[in-house]
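The values are calculated or read from the model by the stated rules, or taken from the named source; none is laboratory data. Model, not experiment: these values are computed from the prediction. Neighbour counts run over all protein chains shown; Cβ positions are idealised from the backbone, glycine included. Ligands, DNA and RNA are stripped out before the accessible areas are found, and what is left, the full protein with its side chains, is counted by its heavy atoms. Shrake-Rupley method; radii C 1.70, N 1.55, O 1.52, S 1.80 Å.
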Amino acid sequence: MSTIDGGATLGETRSSAVVGVEEPKRPPRSRRRMREIGLAYLLLLPSLVIFGVFIFYPFLRNFYLGFYRTPPFPGLPMRYVGFDQYRDVLTSTDFLDSVKTTVLFMIMTVPAGIALGLGLAVLAHQRLKGIGVYRTIFSSTVATSVAVASVIFGTLFNPVVGLLPWLGVNPRPPILDNPQWALPAVALVTIWQTLGLTFILMSSGLQAIPDEIHEAARVDGAGAGTRFWKITIPLLSPTIFFAVVIGGIFAFQTFGQIDLLTQGGPLKKTNVLTYFVYRTLRTENNDGKAAVLAVALFTITMTLTLVQMRFLERRVHYGR
Amino acid sequence: MGRVVLDHVTKKFDEVVAVDDLSLEIEDREFLVLLGPSGCGKSTALRVIAGLEDPTSGTVTIGDRVVNDVEPKDRDIAMVFQSYALYPHMSVRKNIEFPLRTRHVEPADRQIAVNEAAVALGLVGLLNRKPAQLSGGQRQRVALARAIVRRPAVFLMDEPLSNLDAQLRIQTRAELIELQRNLQTTVVYVTHDQVEAMTMGHRIAIMNDGVLQQVGPPQSVYERPANLFVARFIGNPPMNTMEGRVVDREGVRAVEFEGGCLPLDPAHAAAAEASGAKSLVVGVRPEHLAFSDDGALHAVITVVESLGHERHLICRLTDGQMIIVRQGSDVPRPAEGTAVRLAADPMHLHVFDAVTERRIDPR
């Protein structure tokens, strides 16, 4: 007897045994389970359709688009080149420089932004009269859009009407046209603009630490510095971890401030990946290359998230 | 050493007076319990001793120095919090070690001290666990170990047993008493639980509305409450209190109230009259009431509560006022609805001025 036959026999025996004992009032467990699974998929279907149409299909389609080289003149047919275009684009100096720029931008914005947000949150965590005013001020940039922030700083950096010339500082070339200073300047705008969110995140994290733990540490002999480094920071690590993850992802999605302030220049020194994708698509009209860049951007962001989660999670203390 | 003196300490939060002119001397190696209902200022008083709150006025002395301007860490105290306040990201070992680390004790000495504390509190097998992996009772022990590891002059404990279940609380209560005896350290212990206060304290300090009501050994506070608040707060079931006037009943001085009358001891009656109090409150503890054929109080038993080792008879006087009688379980259980006469031993009556609420002692 083959195993398949054996299995069938077993199955039959079991079902007949059930029937033999008593009339089953409900369908057997496996059938009920199947039915529940079916229902689950049915209920998931609407969102699956929406995801499929707006996310999965465009994503796959974009990946596929990367196999076609866009012709140099419009009107000519696209040419299938397989992975050649992926290889060419991903090894190009432009791409590697852009990745370098984006990573540099992330390094400039994330740690400094978190440190500042945390610093302000610690200051505003005091039980003082009128501290609410400061909390409002510190969190106000949440209500400011990237465009507004860019315009404000664009004006401040302006070599003619800006704040710096008014203060008597007038670097040549102007900051936003200076290959050395353009990226830090855009990073500064970004830090300022995200400061409200970081502040709110850090404040809520601080408020979640019970006062008694700080008091216990005070009685146990810890000064302000020890309490900050040995108690506050470890207990805040879930919040900091979260801020690092979203900060990193934000950095790789930066577009508005680059477009409004530097357009990727000078000398492509602020040509971050998202802006590079945009330029390739809109200025160069190179759909195929843009598709490859978009896939690269996705892969980097995804990897970043996974790596951050894997590495940071171990050092993160979660609750009690 | 571990002597703590509070001298006219007042603590206000804006307009709210949490502690009102508190003067209290806690002797070296004494176990003093600060007892009172929630919001009475006992925790604030403890936090003032710890240095976590600054007194609005008055001085705090620990040992032989005034510590008003001394940081908590320099007061030679340790504190156990109601929530235990363990450091959740540190192992049990690190938690216990923390007060030593902050004081830069040598690693080898730290190791010895932590091990001693762990042995004393039965935590040896748990040193590498995190607080989240411990039961409530174990966390409480870690909090205690962290307090004793540095051998401070004074322990401050803020309701340390209130998060434990009933059985564990009784066990830990006894262990705390032993611990204090072994360590020979001053303990200031805050609780709202009178059983803890009665069983643990060398002396009890009872507070209400920020004001110290009475300080004394548990038994003397129970037997001679200084005022009506203490009389009603200490004792379970609480003392029966009736408000009335002194009258002459067939040549015997008695306190007459709406539901009946209780004869007074002559010395007590004289003191009550001499005090000039217009109205009196007479108090009698449930165990000092007994059935008697010629008892002066007429009552009806409405509810019989059996606790196993004793009974509480909830009775109503003729005016409907409730009066509780404590009875051993070795006598037959009376039926509910029975009409009874109750007598009180005049030697165990407590008399208070109804206006000042102060105790009036027999002359």
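Things worth noting here:
For (1) more than 7 Å from chain A (Cβ to nearest Cβ); (2) acidic (Asp, Glu); (3) within 30 Å of B:Val17 (Cα to Cα), each residue gets a yes or a no:
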| residue | (1), (2), (3) |
| --- | --- |
| B:Ile62 | yes, no, yes |
| B:Phe81 | no, no, yes |
| B:Ser91 | yes, no, no |
| B:Lys94 | yes, no, no |
| B:Arg101 | yes, no, no |
| B:Pro107 | yes, no, no |
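- Subset of the stretch B:174-204 (residues that are small (Gly, Ala, Ser) and assigned to a helix (DSSP H, G or I)): B:Ala174, B:Ala197
- Test: residue in the stretch A:280-288 that is away from chain B (no Cβ under 13 Å), hydrophobic (A, V, I, L, M, F, W, C) and touching a residue at least 60 places away in the same chain (Cβ under 8 Å): no
- For the stretch A:139-169, residues that are buried (at least 16 other Cβ atoms within 10 Å of the Cβ), of a type in the set (A, V, I, L, M) and over 21 Å from A:Ile200 (Cα atoms) total 1.
- Qualifying residue in the stretch A:162-179 (condition: in contact with a helix residue (DSSP H, G or I) (Cβ under 7 Å, 6 or more places away or on another chain), within 21 Å of A:Met106 (Cβ to Cβ), in contact (Cβ under 8 Å) with a residue 40 or more places away in the chain and away from chain B (no Cβ under 14 Å)): yes
- Annotation for the stretch B:329-340: at least one member residue is touching a Phe, Trp or Tyr at 6+ places or on another chain (Cβ under 7 Å) and not acidic (Asp, Glu).
- If you go through the stretch B:64-78 and pick out every residue that is in contact with a strand residue (DSSP E or B) (Cβ under 9 Å, 6 or more places away or on another chain), open to solvent by 10 Å² or more (accessible area, probe 1.4 Å) and within 13 Å of chain A (Cβ to nearest Cβ), you end up with 2.
- Every condition in (1) of a type outside the set (Val, Ile, Thr); (2) crowded, with 17+ Cβ neighbours inside 10 Å; (3) within 13 Å of chain B (Cβ to nearest Cβ) holds for A:Leu260 except the one numbered (3).
- With respect to the conditions (1) within 30 Å of A:Ala147 (Cα to Cα); (2) under 28 Å from the mean Cα position of the chain (by Cα), A:Thr232 lacks only one, and its number is (1).
- In the stretch B:35-60, the residues that are of a type outside the set (D, E, K, R) and within 14 Å of chain A (Cβ to nearest Cβ): B:Ser43, B:Thr44, B:Leu46, B:Val48, B:Ile49, B:Ala50, B:Gly51, B:Leu52
- Residue check, A:Arg69 surrounded by 13 or more Cβ atoms within 10 Å (Cβ to Cβ), under 27 Å from A:Leu188 (Cβ atoms) and touching a residue at least 12 places away in the same chain (Cβ under 8 Å): no
- Residue match in the stretch A:211-232 (condition: on the phi > 0 side of the Ramachandran plot and either in a helix (DSSP H, G or I) or within 14 Å of chain B (Cβ to nearest Cβ) (or both)): yes
- From the options B:Thr61, B:Thr56, residue that is under 29 Å from the mean Cα position of the chain (by Cα), more than 30 Å from A:Ala208 (Cβ to Cβ), open to solvent by 60 Å² or more (accessible area, probe 1.4 Å) and in the same structural domain as B:Val215 (by TED's automatic domain parsing): B:Thr56
- Residue identified as β-branched (Val, Ile, Thr) and under 23 Å from B:Pro266 (Cβ atoms) among B:Val351, B:Val325, B:Val331: B:Val351
- Selected residue (only one of B:Pro266, B:Pro362, B:Pro334, B:Pro286 is under 16 Å from B:Thr241 (Cβ atoms) and touching a residue at least 12 places away in the same chain (Cβ under 8 Å)): B:Pro286
- Residue in the stretch A:226-242 that is under 17 Å from A:Ile114 (Cα atoms), in contact with a Gly (Cβ under 6 Å, 6 or more places away or on another chain) and of a type in the set (Ser, Thr, Tyr) present: yes
- Scan of the stretch B:11-34 for residues that are part of a strand (DSSP E or B) and either within 14 Å of chain A (Cβ to nearest Cβ) or open to solvent by 20 Å² or more (accessible area, probe 1.4 Å) (or both), ordered by number: B:Lys11, B:Lys12, B:Phe13, B:Val16, B:Val17, B:Asp20, B:Asp21, B:Ser23, B:Glu25
- Residues satisfying the stated conditions in the stretch B:325-339, i.e. out of contact with any Asp or Glu (no Cβ under 8 Å at 6 or more places or on another chain) and surrounded by 19 or more Cβ atoms within 10 Å (Cβ to Cβ): B:Val325
- For the stretch B:303-321, filtering for residues that are in contact (Cβ under 8 Å) with a residue 12 or more places away in the chain, outside any loop (DSSP other than H, G, I, E, B) and open to solvent by 60 Å² or more (accessible area, probe 1.4 Å) leaves 3.
- Only one of B:Val247, B:Val252, B:Val325 that is out of contact with any Lys or Arg (no Cβ under 9 Å at 6 or more places or on another chain), hydrophobic (A, V, I, L, M, F, W, C) and in the same structural domain as B:Leu349 (by TED's automatic domain parsing): B:Val252
- Residues in the stretch A:186-210 that are at the interface with chain B (Cβ under 9 Å from one of its Cβ atoms) and assigned to a helix (DSSP H, G or I): there are none.
Listed here are the residues, each with its yes/no results for (1) of a type in the set (Lys, Arg); (2) modelled with pLDDT under 90; (3) under 22 Å from the mean Cα position of the chain (by Cα); (4) open to solvent by less than 50 Å² (accessible area, probe 1.4 Å).
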site	(1), (2), (3), (4)
A:Pro210	no, no, no, yes
A:Ala217	no, no, no, yes
A:Gly223	no, yes, no, yes
A:Ser237	no, yes, yes, yes
A:Phe250	no, yes, yes, no
A:Thr274	no, no, yes, yes
A:Thr283	no, yes, no, no
A:Gly288	no, yes, no, yes
A:Leu304	no, yes, yes, yes
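- Odd one out for A:Asp88, checked against (1) under 17 Å from A:Ala296 (Cβ atoms); (2) of a type outside the set (Lys, Arg); (3) at pLDDT 90 or above: (3)
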